[in-house]
Amino acid sequence: MIIYQAMIKFFRKIRQSLLSENKFSKYIIYAIGEIILVVIGILIALQINNWNENRKSRNQEKLYLNRLLSENKEDLETFKNSVIDLEKGIETVESLSKALNNENSSDSLLVLAANDYFGYGSIYPIFTSSTSTFDDLSSTGNLKDIQNSVLRDQLVKHYALHKQVKERIRIGTDWALPLDAPFTYQNSIMRFEPVSNYLFGQQSNKALAEHLRDKKDEYINNAAAHLWINKDAILQMEMLIKETDKIITSIKRELKNQ
């Protein structure tokens with residue numbers, strides 16, 4: 001810009017000199033040259049402005065991509081840990097069923113299986129994920145800052161899958177809750193919980209085991225409901241784990257190309 005301003009001053013001096021010497025034809029030529037110079041200056045300024053805007057946009061895109069990468073890495077660990085917890089729950093369901101169906105199970109083994117089931121197997125699946133960056137991109141209209149249209153479409157589908165899995169798990173929970181609530185109350189299952197069992201007074205393993213054997217079908221039916229929703233949640237989470245792996249790879253590739 002300094003050079004451009006110096007050239008403007010130079011042309012102005014020549015124009016003034018030509019006017020003072022009444023050299024009109026040459027004045028016209030220099031005037032046209034000055035106009036061309038002004039136009040070139042405007043074009044250069046526009047180009048610099050566009051370059052600055054593109055640079056800002058690319059920096060913004062890189063910031064968003066790094067945030068998405070970080071959140072999806074966290075999600076991946078969360079989903080994997082959820083699967084581990086759900087699988088632990090299924091193990092306790094199967095252990096309780098095995099103990100109830102085995103007439104030779106000891107009282108202590110049966111009570112322990114029930115305790116483990118209520119500690120892990122009867123817990124409902126919970127879906128959590130980090131969507132703050134994508135929500136920001138969507139709500140502000142900044143999704144267009146992700147210039148790779150393939151990656152942009154992949155992100156939209158990926159977070160739509162988050163909502164799909166969350167809804168699927170909610171439906172499973174809503175289905176099981178009406179079955180679970182009366183069972184919990186009628187059988188006073190809180191007596192098996194280590195945190196609350198003292199409220200029921202001194203309880204012998206023999207009495208608890210007899211109750212479990214008498215209500216065998218009810219306990220297995222309850223365990224079967226939780227087995228179903230846990231297995232379905234695992235299928236959903238495993239699908240999401242695969243997709244999260246893919247989106248992480250795509251984001252890394254895009255960052256590497258920048």
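The values are calculated or read from the model by the stated rules, or taken from the named source; none is laboratory data. Here the structure is a predicted model, which is why all the values come from computation and not from measurement. So basically every Cβ, Gly included, is an ideal-geometry build from the backbone, and we count neighbours across all protein chains shown.
Going by the conditions given, is Glu74 in contact with a helix residue (DSSP H, G or I) (Cβ under 6 Å, 6 or more places away or on another chain), among the charged types (D, E, K, R) and at pLDDT 75 or above? So Glu74 fails the test. Could you tell me whether Ile90 is surrounded by fewer than 13 Cβ atoms within 10 Å (Cβ to Cβ) and modelled with pLDDT of 95 or more? When the stated conditions are applied, Ile90 does not pass them.
Residues of the stretch 189-227 that are modelled with pLDDT under 90 and surrounded by 11 or more Cβ atoms within 10 Å (Cβ to Cβ): Ile189, Met190, Arg191, Phe192, Glu193, Ser196, Asn197, Tyr198, Phe200, Gln203.
For the subset of the stretch 228-249 comprising residues that are among the basic types (Lys, Arg) and touching a residue at least 12 places away in the same chain (Cβ under 8 Å), which member is surrounded by the most Cβ atoms within 10 Å (Cβ to Cβ)?
Of the stretch 228-249, the ones among the basic types (Lys, Arg) are 231, 242, 246.
Right, trim to touching a residue at least 12 places away in the same chain (Cβ under 8 Å) and you get 231, 246.
On the way: Lys231: 16, Lys246: 13.
For the stretch 228-249, the residue satisfying everything is Lys231.
The set of residues in the stretch 96-128 being farther than 18 Å from Ala224 by Cβ, within 31 Å of the chain's Cα centre (by Cα) and surrounded by 19 or more Cβ atoms within 10 Å (Cβ to Cβ) consists of Phe127 alone. Would you call Asp174 surrounded by 15 or more Cβ atoms within 10 Å (Cβ to Cβ) and under 23 Å from Ile90 (Cα atoms)? Criteria not met by Asp174. Pairing residues of the stretch 50-65 that are farther than 12 Å from Asp145 by Cβ with residues that are modelled with pLDDT under 65 and surrounded by 12 or more Cβ atoms within 10 Å (Cβ to Cβ), at Cβ distances under 7 Å and at least 6 apart in sequence or on separate chains, gives no pairs at all.
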